[in-house]
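A short write-up of the structure that comes next.
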Amino acid sequence: MKRSRAPLVVTIAVLIFFYLPILILVINSFNASRFSSTWGGWTLAWYARLWHEGEIWHAMQNSLIIAVSASAVSVVIGTLAAFALHRFDTRLQKTQYLLIYTPLVIPELLMGLSLLLFFVAIGMNLGLLTIFFAHVTFCISYVAMVVLGRLQDFDFSIIEAAQDLGANWWTAAVRVLLPLLAPGIIAGGLLAFTLSIDDFVITFFVAGPGSTTLPIRIYSMIKFGAPPLINALSTILLVVTFLAVWISQHLTEEKR
Amino acid sequence: MASTNYLEFENVSKHFGSIRAVDRVSLSIAKGEFFSLLGPSGCGKTTLLRILAGFENPNTGRVILNGRDITDLPPHQRRVNTIFQSYALFPHLTVRENIAFGLRIEKRLKKEIDTEVDRMLALVQMEDQAHKYPDILSGGQKQRVAIARALIKKPEVLLLDEPLAALDLKLRQRMLMELDLIHDEVGITFLYVTHDQGEAMSLSDHIAVMNLGIIEQIGTPAEIYEAPRSSFVAAFIGDTNFFEGKVTDIVGHEYSRLTIDGFPDVLCFNDKHISAGNPVFLSIRPEKFHISRDAPPNSNKRNIMRGLVEDVIYQGLLTKFWVRVQEYRLSIVQQHSRFLLDEKPIRWNEEVWISWHADDSFMLERYSESDEQLVSLPPENIGDVNGEAATPE
Ligand SMILES: Nc1ncnc2c1ncn2[C@@H]1O[C@H](COP(=O)(O)OP(=O)(O)O)[C@@H](O)[C@H]1O
Ligand SMILES: [Mg+2]
């Protein structure tokens, strides 16, 4: 029997639909012409110009500071939350699960707005700190979910085996639990990092003067029209994000 | 024995909600012996083992090891080690690192650890697998690593929770022999948990038969097989034919006559001095019968009766017969002591003589309700598919 070609065709069409714009963007970042409609030959000029854009680097720096610190903090809190969720099964934990799960599905707009109102209400000055808090809020959820997934198929009899062989609870956790959970924790951290570094909507609400992050910078550059520069910048971002996602997937899939 | 109470459970109970997983268990185990806990699944064997390892706190009772009360010690401070049923090897460590784990925790010198690990690898014959990770090992190999990992700690007691249950039959028999050899070689006290009577019988110095959290009987394999003290033990260990009867009179000092509905009167050894009029169970193991075409020589201690062969299963080493005597169908096993082909074998639908010595059967008092249940629920390997052997029809 001849297999239908339809699934293959649809798959290719979808892939083209998704990736063609990105491909065009990447190619255009090497386009010597200012206009993407005409090809002016290969160049690295935009990347060179990018190098001298102080504001972009400042924004990049802000983004990195926030992404690194927010993902580090949410890795710790998210992992602990996952443990609490896994270990206990009371009504409190069901509520906690709901609370941790909600940020994954709630519209970003709503979250950004409510965070903004909250920060204003408590009289906090909008700036890097408020962005950091906002990012930690949603990153915790992602980390907790990834780590919880690992915990759910973790064989806890090996912890008992370690205790049986003379390890106290702390040693067993460090020698056995942590090494086996590490891929999950790191994957959660990388996921948090990528989410934080390119978050626009929530950041847009809670950012203040002087705390512009890269996505917001790019947005305002588009308004003032500098597409070739943005193409170059986006390409760099694309490569970084791909790397992070690739490493994170590699770690999650690694056999236990 | 001088050191019968090397390991002692004193009145140990563990409840999970309304379930009494372990119910007032008292046990004494001698140093160096191979001791088995035998019982059906769910009878509390694992729970008792976990109490000894320190993973469960008993609700009542004490555990004394080598003169020291260890009831309240955490697991890592007890000198006992466990072979877990699922092996519980560390997946992120190689065979060598798995075995070394216990000594690394003790922060022993690297050289010392290396020699010990080498010795253990040799003991379980895993020298050439030392660098592999557990997930590519076979079941039997994982088993060996688990044994080596526990033994390297030189525990005072080695706990084994159904260690062979996950292996296939052939490997099981081989590991059975290896466990026996390892026990002889290391001289450590083994506490072995199993639901398989064959394993327990062939390895143990002593067996404790458990049922519903209670110890039914403790004894050597022979004592438990030949002189079970409850109908549960009689039915759980080996096959047997059960009869419900009543003592009618006492014959001499040690024998009594029983009447059984739908069966001839029988003479039975009565060491328990059950008096006339009491209801009893009579149990006769299949191999205790003698079956023949000619009448056996008369003797006053032998029960002799006629029966009709209803089924014959030839199994090489032995032959199984189903013989009807009045309302009962008896399960009888005969071993072939000589070459049979020159004799005419007993066949289906033949009238035969069956006999057994009064000393070869035993009586059990009927007192509890669980006893009553047993007659209608004979063990699996007695009887035909309906489990109707030796029950009146
Ligand atoms: N952690 C637990 N919580 C509740 N019930 C348990 C727990 N562990 C064991 N039990 C119950 O205790 C009884 C004995 O279990 P176990 O010791 O595992 O039996 P065995 O090892 O003889 O099969 C069973 O009825 C089991 O369901
Ligand atoms: Mg068990």
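What the table below lists for this structure:
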| quantity | calculated |
| --- | --- |
| Label point at B:ALA122 placed 7 Å out along Cα→Cβ; residues across region B:162-196 whose backbone nitrogen lies under 16 Å | B:182, B:185-186 |
| Kirkwood-Stokes translational diffusion coefficient of region A:1-133, alpha-carbon pairs, 25 °C, 0.890 mPa s, µm²/s | 120 µm²/s |
| Computed magnitude of the charge dipole of the protein assembly as shown (debye, nearest 20; Cβ of K, R +1, Cβ of D, E -1) | 2920 debye |
| Proximal charge balance of B:PHE16 [Cβ under 15 Å; K/R count +1, D/E count -1] | +2 |
| Share antiparallel - DSSP beta bridges, region B:143-264, percent rounded to 5 | 70 percent |
| Two-decimal log10 I(q)/I(0) for region A:46-253, as the Debye equation yields it once each C-alpha is a single scatterer, q = 0.14 Å⁻¹ | -0.89 |
| Fewest-first sequence of A:PHE204, B:PHE232 by Cβ atoms within 10 Å of each Cβ | A:PHE204, B:PHE232 |
| Candidate lysines - alpha carbon under 27 Å from B:LYS14, same-chain residues fewer than 8 apart omitted | B:LYS31, B:LYS45 |
| Estimated dipole of chain B in Debye, rounded to 20 [Cβ of Lys and Arg +1, of Asp and Glu -1, Cα centre] | 1300 debye |
| Cβ charges +1 (Lys, Arg) and -1 (Asp, Glu), total dipole of region B:1-141, debye | 260 debye |
| DSSP bridge orientation in chain B - percent antiparallel, rounded to nearest 5 | 80 percent |
| Under the Debye formula (equal points on every Cα, no solvent term), log10 I(q)/I(0) of the protein assembly as shown at q = 0.05, 0.08 Å⁻¹ | -0.44, -0.82 |
| Of every Cα-Cα pair in region B:113-203, the percent that sits beyond 18 Å | 44 percent |
| Dipole of chain B, positive end: most advanced residue of B:THR47, B:ILE250, B:SER292 [Cβ charges, Cα centre] | B:THR47 |
| Selection from B:LEU93, B:LEU151, B:GLY307, by position along the positive dipole direction of chain B (Cβ) | B:LEU93 |
| Alpha carbon Rg of region B:35-74, scaled by the compact-globule rule 2.2 N^0.38 Å | 1.22 |
| Simple spin-label estimate for B:GLU106 and A:LEU64 in nanometres, 7 Å along Cα-Cβ | 5.0 nm |
| Most mobile listed residue (B:VAL233, B:VAL323, B:VAL251) in chain B, GNM with C-alpha springs under 10 Å | B:VAL251 |
| Cα gyration tensor shape for region B:231-377, rounded if a/c is under 1.5, else prolate or oblate | prolate |
| Kirkwood Rh and Cα Rg combined as Rg over Rh, evaluated for chain B | 1.05 |
| Within the protein assembly as shown, percent of DSSP bridges classed antiparallel, to nearest 5 | 80 percent |
| Net charge of Cβ neighbours under 15 Å - reference B:ALA227; Lys, Arg +1; Asp, Glu -1 | -4 |
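FYI, it's all coordinate maths here, none of it is from the lab. A quick note: this is a predicted structure, and the numbers were derived from the prediction, not measured. Cβ coordinates were reconstructed from backbone atoms using ideal geometry, including for glycine residues, and neighbour counts include every protein chain displayed.
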